[in-house]
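The values are calculated or read from the model by the stated rules, or taken from the named source; none is laboratory data. No experiment lies behind these values; they were computed from the predicted model shown. Neighbour counts are summed over all protein chains in view; Cβ atoms, including those assigned to glycine, are modelled from backbone coordinates with ideal geometry.
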Amino acid sequence: MTIYMTETYNAEETFEFGKKVGQICKPGTVISLVGDLGVGKTVFTQGVAQGLEITEPVNSPTFTILQEYEEGRLPFYHFDVYRIGDIEEMDEIGYEDCFYGEGVCLVEWANLIEELMPEHYYRITISKDLEKGFDYRRIEVEEI
Ligand code: ADP
Ligand code: MG
């Protein structure tokens, strides 16, 4: 069910929306982040990190699948499963301790590991609409 929809017109607005999300995340919040390459998933994630009061730089953990940040208001687990070969790699990194722990999980490309997602999570989909401009983004929040 869609619970929120917003539109942004530059990267800063997407960052600020991510920050607001980060500020209201609770222990155990799991977010699936979906959208094409270059749509702004990392920008959004950097906002979430700031909202969690994380000061170290956050980038795409493309080659590591999981990046952990322990210094913020809550532990933050940033997954990017774009290059996952086998779903067993998720077991190897101990995803269950993250998904069912006290921190906040954000999973880029979670659609690739859909069967591992918990019963309840938020799916945030970022999309472009070139008719509305190159920097326009539509951001939809669904409660699953
Ligand atoms: P992804 O992680 O989805 O591959 P990035 O966050 O790395 O994408 O890159 C998004 C790019 O799009 C950045 O260069 C950013 O400056 C640009 N951009 C332009 N408009 C927006 C917007 N409204 N929201 C987010 N990023 C935007
Ligand atoms: Mg990225």
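Testing T42 on (1) more than 9 Å from ligand 1 (Cβ to nearest atom); (2) among the hydroxyl-bearing types (S, T, Y); (3) over 14 Å from P75 (Cα atoms), one condition comes back false. Which one is that?
Result: T42 passes all but (1).
In the stretch 38-84, how many are surrounded by fewer than 18 Cβ atoms within 10 Å (Cβ to Cβ), within 17 Å of I113 (Cβ to Cβ) and of a type in the set (V, I, T)?
Count: 3.
Please identify the pairs in which a residue from the stretch 7-21 that is over 14 Å from I54 (Cα atoms) and among the hydrophobic types (A, V, I, L, M, F, W, C) has its Cβ atom under 8 Å from the Cβ atom of a residue that is within 16 Å of ligand 2 (Cβ to nearest atom) and part of a loop (DSSP other than H, G, I, E, B), counting only partners at least 6 apart or on another chain.
Between residues of the stretch 7-21 that are over 14 Å from I54 (Cα atoms) and among the hydrophobic types (A, V, I, L, M, F, W, C) and residues that are within 16 Å of ligand 2 (Cβ to nearest atom) and part of a loop (DSSP other than H, G, I, E, B), the close pairs are A11/G40.
May I ask you to verify whether G35 is surrounded by 13 or more Cβ atoms within 10 Å (Cβ to Cβ), closer than 23 Å to E119 by Cα and near ligand 1 (Cβ under 9 Å from one of its atoms)?
Numbers: surrounded by 13 or more Cβ atoms within 10 Å (Cβ to Cβ): yes; closer than 23 Å to E119 by Cα: yes; near ligand 1 (Cβ under 9 Å from one of its atoms): yes.
Judged against the criteria, G35 is a match.
Here are some residues: I54, I65, I24, I93. Which one is on the phi > 0 side of the Ramachandran plot, among the hydrophobic types (A, V, I, L, M, F, W, C) and away from ligand 1 (no atom under 13 Å from the Cβ)? Lay out the reasoning, then the answer.
Details: I54 fails: on the phi > 0 side of the Ramachandran plot; I24 fails: on the phi > 0 side of the Ramachandran plot; I93 fails: on the phi > 0 side of the Ramachandran plot.
Of the residues listed, the single one that is on the phi > 0 side of the Ramachandran plot, among the hydrophobic types (A, V, I, L, M, F, W, C) and away from ligand 1 (no atom under 13 Å from the Cβ) is I65.
Identify, please: which residue in the stretch 2-21 is within 13 Å of ligand 1 (Cβ to nearest atom) and hydroxyl-bearing (S, T, Y) and is, among those, surrounded by the most Cβ atoms within 10 Å (Cβ to Cβ)?
It comes out as T14.
Looking only at the stretch 108-133, which residues are within 20 Å of G47 (Cβ to Cβ) and at pLDDT 95 or above? Please lay out each step first, then the result.
Pass one, the stretch 108-133, residues within 20 Å of G47 (Cβ to Cβ): 108-110, 121-128.
Residues satisfying the conditions are Y121, Y122, R123, I124, T125, I126, S127, K128.
Could you run through the stretch 1-51 and say how many residues are polar (S, T, N, Q) and under 27 Å from Y100 (Cα atoms)?
Residues meeting the conditions: 8.
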